[in-house]
Amino acid sequence: MKILGDRRSWTDDDLRSAVQNNHSWRGVARAVGLKSASAGAIRTVQRHATRLELETSHFTGQRRWSDRQLREAVAAASTWAGVLAALDVIDSGENRVRVKGHAVRLGVDYAHLKAPCELGQADQVFEEPVRLESLRYAASAVAMAWFTLRGCAVALPIEPQKYDLLVTTAKGTQRVQVKTCSARNSRGYWDVGIGRRPYTLDKTASKMPYDPDAIDMFFILLGDGSIYVIPSLVLAGRKSISADNYAPYRVGDASSLLR
């Protein structure tokens with residue numbers, strides 16, 4: 001229904017349908033014909049949704065999980081690690097703060113969630129399985145440890161650069177780009193992407209090779225733990241390689257970290 005003086009172009013039933021079939025307030029605003037989906041438009045639909053007491057626990061916004069899923073995950077878990085695993089969210093400090101903050105806003109009771117030190121036996125602390133989708137986040141740390149254990153000083157660039165690490169070796173300072181591949185392809189080969197996107201706001205832009213004068217070597221970590229260190233001149237002009245073809249450059253094995 002619409003009431004006298006109401007300038008809306010949509011009805012309460014339109015709003016009910018939009019809320020039921022969307023997962024964010026922006027989606028609702030667009031669904032009822034508010035093309036701009038501005039902050040003002042969002043406040044308008046929120047106000048009317050509150051008046052109609054519409055259920056919005058299925059909203060996720062930019063998230064992949066809903067309020068309902070968060071409530072269920074917190075109720076079923078004994079640690080925050082378990083909550084994030086149930087939501088299929090990578091367990092990092094930033095993500096923990098984001099999820100915990102959302103739980104606070106929802107008024108979810110999480111007093112039963114324990115810190116790792118409260119779990120009892122040491123062999124029960126790290127029972128979570130390896131998540132290979134996190135390999136690319138761990139690779140730089142593995143590379144830093146690998147070079148450091150060989151007597152090399154390792155530094156991170158202060159500002160974004162084409163390389164990930166600066167490594168001081170007997171041959172001087174080497175600029176290292178870190179790459180990963182978490183799984184074999186359908187033919188059983190390790191196809192590693194070693195290209196980069198040009199510096200553009202368009203995230204769909206095609207990748208291009210690294211300039212061999214811009215970096216000195218690639219550190220590559222595979223999903224089976226294999227470590228390759230390959231000079232950039234060997235891979236010049238390439239955007240992807242099959243690691244199987246570079247066996248002479250396989251320098252180590254970190255498979256114990258992936259068990």
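Values quoted throughout were computed directly from the atomic coordinates according to the rules given, and no laboratory measurement underlies them. As the structure is a computational prediction, the values presented were derived from the model and not from experiment. Note that each Cβ is placed from the backbone with ideal geometry, even for glycine, and that neighbours are counted across all protein chains shown.
Using the average count of surrounding beta-carbon atoms within 10 Å as a protection proxy, the listed peptides 130-143, 97-110 rank, highest first, as 130-143, 97-110. Mean-square fluctuations from a GNM of the chain, with a 10 angstrom spring cutoff on Cα atoms, peak among 164, 216, 13 at 13.
Amide H contacts of residue 226: 254, each under 5 Å away and 5 or more positions distant or on a separate chain (H built 1.01 Å from N in the peptide plane; Pro and chain starts excluded).
The distance between label points at residue 127 and residue 64 comes to 2.4 nm (points 7 Å beyond Cα on the Cα→Cβ vector). Rounded to the nearest 10 degrees, the inclination of helix 39-52 to the longest alpha-carbon principal axis of the chain is 50 degrees. Subtracting the Cα-Cα distance of residue 111 and residue 199 from their residue separation scaled by 0.36 nm leaves 27.2 nm. Annotation: peptides 235-244, 154-163, ranked by per-residue average of other Cβ atoms within 10 Å with the highest first, follow the order 235-244, 154-163. Comparing 75, 247, 86 in a Gaussian network model of the chain (Cα springs below 10 Å), the most mobile by mean-square fluctuation is 247.
The sum of -39500 (n - 2.57) across all DSSP H runs of n ≥ 4, divided by the residue count of the chain, sets its helix-only mean residue ellipticity at 222 nm to -9000 deg cm²/dmol. Loop-located chymotrypsin sites (Phe, Trp or Tyr not before Pro) in the range 184-228 (DSSP state not H, G, I, E or B) with no more than 16 neighbouring Cβ atoms inside 10 Å: 189, 199.
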